[in-house]
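A short write-up of the structure that comes next.
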Amino acid sequence: MIAKHPICRDRVRHVPRQFSWVDHRLVRDRHIESLTHPAAALYLFLLTVADYQGLSFYSDPAIMARLSMEAPTLGEARCNLIETGLIAFHAPLYQVLSLEPHINFPSSSRVAMDQPLHIGQILKKIMGETS
């Protein structure tokens, strides 16, 4: 094992009094691999500003100004985060969701949101079986 020591001892991070953290499962469980760069920036922003329930009321104009993002890019980033199950959104409220096990279905197996799958179909996909 490599011995680790802080490079800048006078700048060692400490958990601040306000509520905010990044769950290691974002990387370990490979959620981050499903995000575009704008979606990752938006997710980091929402993680930083959310309260203990993951809620944030930042408006689109405020987010766009802070992230130097145009409206279409913000919309696409938000959709990416919703599709990957990382956030919920009901204007103007964002909720950063708990991280669930990441299941990466091939795009050909995706079903529109208005077409629910039976639990058996979901389990078959998880187990790698074809339907």
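From the set of residues in segment 1-29 that are assigned to a loop (DSSP other than H, G, I, E, B) and within 11 Å of the chain's Cα centre (by Cα), which is surrounded by the fewest Cβ atoms within 10 Å (Cβ to Cβ)? Before the answer, list the steps.
The initial filter retains those residues of segment 1-29 that are assigned to a loop (DSSP other than H, G, I, E, B), namely 1-8, 12-24, 29.
With the extra rule that they be within 11 Å of the chain's Cα centre (by Cα), the set shrinks to 22-23.
On the way: V22: 11, D23: 13.
The selected residue is V22.
Return the residues of segment 84-105 that are out of contact with any Ser or Thr (no Cβ under 7 Å at 6 or more places or on another chain) and closer than 13 Å to Y43 by Cα; say none if nothing qualifies.
Hits for segment 84-105 are G85, L86, I87, A88, F89, Q95, V96, L97, S98, L99.
Given the conditions (1) at pLDDT below 90; (2) among the hydrophobic types (A, V, I, L, M, F, W, C); (3) closer than 24 Å to E100 by Cα, report the number of the one that C8 does not fulfil.
(3)
Of all the residues that make up segment 52-89, how many are exposed (fewer than 13 other Cβ atoms within 10 Å of the Cβ) and outside any helix (DSSP H, G or I)?
6
I need the full set of residues from segment 34-47 which are in contact (Cβ under 8 Å) with a residue 12 or more places away in the chain and either in a helix (DSSP H, G or I) or in contact with a Ser or Thr (Cβ under 8 Å, 6 or more places away or on another chain) (or both), in order please. Spell out how you get there, then give the answer.
Within segment 34-47, the first condition is being in contact (Cβ under 8 Å) with a residue 12 or more places away in the chain, and the residues that meet it are 34-36, 38-39, 41-47.
Within segment 34-47, S34, L35, P38, A39, A41, L42, Y43, L44, F45, L46, L47 qualify.
Does L99 count as within 9 Å of the chain's Cα centre (by Cα) and not in a helix (DSSP H, G or I)?
Values: within 9 Å of the chain's Cα centre (by Cα): yes; not in a helix (DSSP H, G or I): yes.
So L99 fits the description; yes.
The values are calculated or read from the model by the stated rules, or taken from the named source; none is laboratory data. Nothing here was measured: the structure is a model prediction, and the numbers come from that model. Positions of Cβ are generated from backbone atoms using ideal geometry, with glycine treated the same way; all protein chains shown enter the neighbour counts.
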